[in-house]
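J.: Please see the structure below; I have some questions.
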Amino acid sequence: MNNLNHTKAYLLGLLVGGGKVDKNTFIIDMPFKKWGLEPSRMSSIAIDILTKVQGYFNTTYGFSINYIIGNDNWLIKPIGDIDITEIKNDLKELGLPTGGVLLSTTDLSIVKDKLTGINAESFLSGICDARASLTESHRRFSDDAPVVSIEIPGSTKNFKLVVQLCSWLTSLGSITDQVIYNHPNFHSKSDPNYRKWKKGFKIRFLVRSFLEKHSFALQSKAVDIINIEKNQKKEEQEECLLRKITKPSSVSVHVDQQSLELPSEVRSKLFFHYFHFCAVLNCPYAPIDEVKKTVKNRNKLINFFPRLSKGSKVELQDKFYEIKNLYFPKVEISKQKTKVGKLLEKEGIIGKFSSLQPGIAYLFDNDLKGKRHSGSMSNIIAINKDNFIEILSIGEINDGLILVINNLNNRAFICSSTDSKLNQDLINSKIKVQGVSVILN
């Protein structure tokens, strides 16, 4: 590619970030839906597309583009009959796919070696213009910690791309705040039956860390990020290699753990932290010693039963009896009614059932958000400490699996104890470890 320059690199990045190539045409999907529909934003985005992006395509590939708005997205399309052979050849020379949804099959290993300096930054700017989100919902803790979130649809199933892109940005000096992987151990840690876990990938950077090394080419995004950066008061994370895993997640073994919907590199594997994904997927910046410590502690982090599963009384009773018949066919179910406060006062009960309190908050909150309580958990529990609940346990309560019911509104939840004997027996018989991979047999 003798005529490679930063303009061409940017357009190829834009295509990778949002492009779908079909025969002799393409479309670039720019998902601006949360902030691109305000009138002021629509105007600036349109100017960006019709001046900068349009100009780049004209001068680089010799054709014009236009845009349409549909389903809250901005769709860039070439005008008229065009020949995109040169674009396909450029993509091919950089080891990039030349057909279909490019994000789904992109491998960055060749392009990362071939692009340097301003060409590399321009290519990454193209990806970020297509995929980075600056919406207000992206905050680490509060408005003091604004985040740039590079969002990759879960439908791509491209775990490798996520790691490659994050490690490339890291190698250029950015410090990742967090990576969210499209996997049930990330989006459904507690409930093994939650089916709506496919919420996509996110690579998050605190705004200042991103701005120190990278930029957006589209002016409409560049102006917004500079304004957002003024709010940042939180200090940056440590570099990934130096970071500690202080709160690894205990996870329930999800019904989709072995699903063919998951690519082979993560299928049948359990993960306790986003760094655990990074290590298994061979990111050079994963704190491998921290991950090894976490994997060694796996018996305290895996539950073959719901750590917390919330729903209707009928739904959860059916699930509870299903578990009982499968794993405890000869054990009697015990039933009792008690007050919320009396249950929580039982010695060791909160330590054994780590999800008991959020479960009780779900039972009594008057303003749920889906299945999440929206008010203060401690306040909800305090107000309802004298209300009665029904408890079903397989054996005695302390044996490790209970169903808790609020008969006044027919809500219920199942929670379990990781250290119960049956759970530990299942871990020892059904889990094996290879390196840092925790594998379900």
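J.: On the given criteria, is LYS202 open to solvent by 30 Å² or more (accessible area, probe 1.4 Å) and assigned to a strand (DSSP E or B)?
T.: So LYS202 passes the test.
J.: Here's something else I'd like to know. What do you reckon, is VAL314 modelled with pLDDT of 95 or more, β-branched (Val, Ile, Thr) and surrounded by 13 or more Cβ atoms within 10 Å (Cβ to Cβ)?
T.: No, not satisfied.
J.: Please state which one of GLY375, GLY341, GLY351 is part of a helix (DSSP H, G or I) and open to solvent by less than 50 Å² (accessible area, probe 1.4 Å).
T.: One residue alone meets the criteria, GLY341.
J.: Does ASN73 satisfy being within 20 Å of ILE28 (Cα to Cα), open to solvent by 10 Å² or more (accessible area, probe 1.4 Å) and modelled with pLDDT of 90 or more?
T.: Criteria not met by ASN73.
J.: Say whether the condition of being at pLDDT 95 or above, part of a helix (DSSP H, G or I) and under 22 Å from ILE152 (Cβ atoms) is met by at least one residue in the range 79-87.
T.: Among the residues of the range 79-87, at least one is at pLDDT 95 or above, part of a helix (DSSP H, G or I) and under 22 Å from ILE152 (Cβ atoms), which makes the answer yes.
J.: What strands (runs of 3 or more DSSP E) completely inside the range 389-441 contain at least 2 residues that are free of Cβ contacts under 8 Å to residues at least 12 places away in the same chain?
T.: The strands (runs of 3 or more DSSP E) meeting that bar are 431-434.
J.: Would you be able to tell me the number of residues in the range 260-279 that are aromatic (Phe, Trp, Tyr) and closer than 12 Å to VAL438 by Cα?
T.: Final tally of qualifying residues: 3.
J.: Scan the range 89-114 residue by residue and report those that are open to solvent by less than 70 Å² (accessible area, probe 1.4 Å) and either under 16 Å from CYS166 (Cα atoms) or of a type in the set (S, T, N, Q) (or both).
T.: THR98, LEU103, SER104, THR106, ASP107, LEU108, SER109, VAL111
The values are calculated or read from the model by the stated rules, or taken from the named source; none is laboratory data. Fair warning: this is a prediction, and the values are worked out from it, not measured in the lab. When we count neighbours, we look across all protein chains shown, and the Cβ atoms used for this are built from the backbone with ideal geometry, even at glycine. Quick note on the areas: whole protein, heavy atoms, side chains included, nothing else; ligands and nucleic acids left out. Shrake-Rupley method; radii C 1.70, N 1.55, O 1.52, S 1.80 Å.
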